[in-house]
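Here is the structure we will look at.
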Amino acid sequence: MPERDSFTDQIIQAFRDHGVAAAIGVWFTFIGGLAVAVTRKAFTNEALLHKLEQELDAERLRIEKRRDEDRRIDHDRLERIERDIHDMRNLMFAAFQRGRDE
C-alpha cells in the first residue's frame, strides 16, 4: 500500500520547493496592488478636488450675481429716496415763496 502524504505535508513540501519564488511573487503582487491603490486614490482625490473647485466657482458666481442684484436694488431705492427728498425740497421752497408773495 503506497504511503500518502497529508494535505499539510504537501503544502509544506510545496513551500520548501517554491518558497523563495512564491515570496518574491507575493512581494511583487503586493507592490503592484499598493501602487494601483495609491494611484487610484490620487486620481480619485484629484477628481474630487476638481469637482469641488467647480462647485466653489459656481457658488461664487451665484453669490456675485446676487450681490450685483442687491446693489442694483439698493441703488434704485436710494435714487427714489433722493428724488423724493428733492421733490419735497422743491415743494417746501415753492410753498415758502408763495407765503412771501401773499
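Assorted remarks:
- Potential lengthening between residue 45 and residue 95 on full extension [0.36 nm per residue; Cα-Cα distance subtracted]: 10.6 nm
- Full extension of the chain between residue 66 and residue 85 gives 4.0 nm of extra length, using 0.36 nm per residue less the Cα-Cα distance.
- Between residue 34 and residue 78, the simple label model (points 7 Å from Cα in the Cβ direction) yields a spacing of 6.3 nm.
- Residue 16 paired with residue 56, simple spin-label distance in nm, labels 7 Å along Cα-to-beta-carbon: 6.2 nm
Laboratory data are not the source of any read-out in this text; all were calculated from the coordinates shown. None of the values given here were measured: they were computed from a predicted structure. Backbone-built Cβ (ideal geometry, glycine too); neighbour counts: all protein chains shown.
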